[in-house]
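Contents: one structure, followed by commentary.
Every number here is computed from the coordinates shown, using simple stated rules; none is lab data. Small disclaimer: the values here were computed from a predicted structure and weren't measured. Positions of Cβ are backbone-derived with ideal geometry, glycine not excepted, and every protein chain shown enters the neighbour counts.
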Amino acid sequence: MCSLCGILGCDDHWTSAVDRPGVYSRNTDRHARRSEGARRLKAANRVLDFRRLKMSEFHGTSYVLKSPTGASRVFDALSHLWPEAEALATRGFDPLDEELIAFMERQ
Amino acid sequence: MTRPLMTPVTLLTGFLGSGKTTLLQKLLTDPDMARAAVLINEFGEIGLDHQLLDRIDDNVVLMKSGCICCTVRGEVADALINLDEMRARGEIDFDRVVIETTGLADPYPVLQTLQAHPVLRSHFRSGGVLTTVDAVNAAAQMNHRAEAVRQIAAADRIVLTKTDLAGDVTDLRAALARVNPVARVVTSDMGASDILGDLDAVHSLIEPDACGTCGHHHDGDDHDHGHHHHHHDDTLGVVTFSLTVEHPLDWTDFGIWLTLLLHRYGDRIFRVKGILAIDGEDQPVAVHGVQHLVHAPVHMEHWPDGPRHSRLVFILEGIDPALIRRSFHAFMRLDDTTGAKAA
């Protein structure tokens, strides 16, 4: 459930599209989902580190975001990652911000 | 009765008085549209009694927290679910739905509802956005009404209406191409198959180089090594910007980047459309977004003719394309000057 809006079952993110003919998705089988999940954590954490946040899996079905102070937020779809991260960090993640771009370039 | 796996939903939009209802009336007489259900939210004068009709009020529920899945266009969802249930009971039959929006509507909330609604997303998919443009008045509307520009930018196909009254539409076509170089332009006197054929969002993606359709000269456009080009329409503040990258892209990094970009700037990015060479994949992947929304990525069967490079086209307003380019390369771990994988 989306903790922001309370809508059930809204894993509607385009990278988690239901596997069907003509659609590109890594949401195909358990192994592919696990592999992509691990890659997703790594990729997201590269950006989240800008605000010292850390994302990990939660019971294999959701994600948990943690701040350096121990605050955390749980969500179940990548659609909610950035709203949740901004709420937890109390600051924005702006992909066009010079500081964030420079941070990513240094990695 | 054959029930399609996912019924396409086509949005018919266009500015007030641009001829949406007249076009719909014409299309509904075409045999190709015999099995279409129609949802209409402005009752016009024309008779549609032989068609399925429902009424949608223009209510948008947008919760303050700003999560994109919270944007739910309630009565559109209810109307579509009702149609689906009637079909399941055998009371009606249809294989596509056309929704005529109000003249001032932004198409994005309806597209978002199709993708985010827990029930709709299992039964319906986007069947493309058809935008009517009044050939007589469009130039003035585009200069003064942001809604008109957004509707044109969101279009998969633009239907020029009233061309018999407008005379030469060369300048208008050029203006439309500056706002939306990826939409094919047809005229309302064509048949339904020309107007609606391959409108489906999946098929309309298969355009090898969208910027090649815009009819403009791009200074320094050599489509090389991650270079980009863009052009402005100074009167509208709209920028079309394209990015070409030779090196295969990391799909996961791309997903994280585009999601963040549209989260922050979706209200100013009218369209993003592209063909991507994904690391580890032989076939290209097409992506297609409208504002905060990205449709399910399309796994294309083969590459179009030409180099197998990733190409992304943005239609945006009030954002510096150079910053998008830098951000893209930084997030994708690509060298900003060569486009190669950074060390």
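What relative contact order, as a whole-number percentage, does region A:14-106 give when Cα pairs under 8 Å and 6 or more residues apart are counted?
Taking the mean separation of contacting Cα pairs over the length of region A:14-106, I get 15 percent.
Of A:S56, B:S18, the sequence from fewest to most neighbouring Cβ atoms within 10 angstrom is A:S56, B:S18.
Other protein chain C-beta atoms within 10 Å of residue C-beta, averaged over B:323-331: 5.
Fewest-first ordering of B:D171, B:D95 by other beta carbons within 10 Å of each residue's beta carbon gives B:D171, B:D95. Per-residue Cβ neighbour counts within 10 Å put A:K54, B:K26 in the sequence A:K54, B:K26, beginning with the fewest. Cα convex hull, region A:14-106: 107 Å³ per residue, rounded to a whole number. Set the Cα radius of gyration of region A:61-107 against 2.2 N^0.38 Å, with N its number of residues, and you get 1.27.
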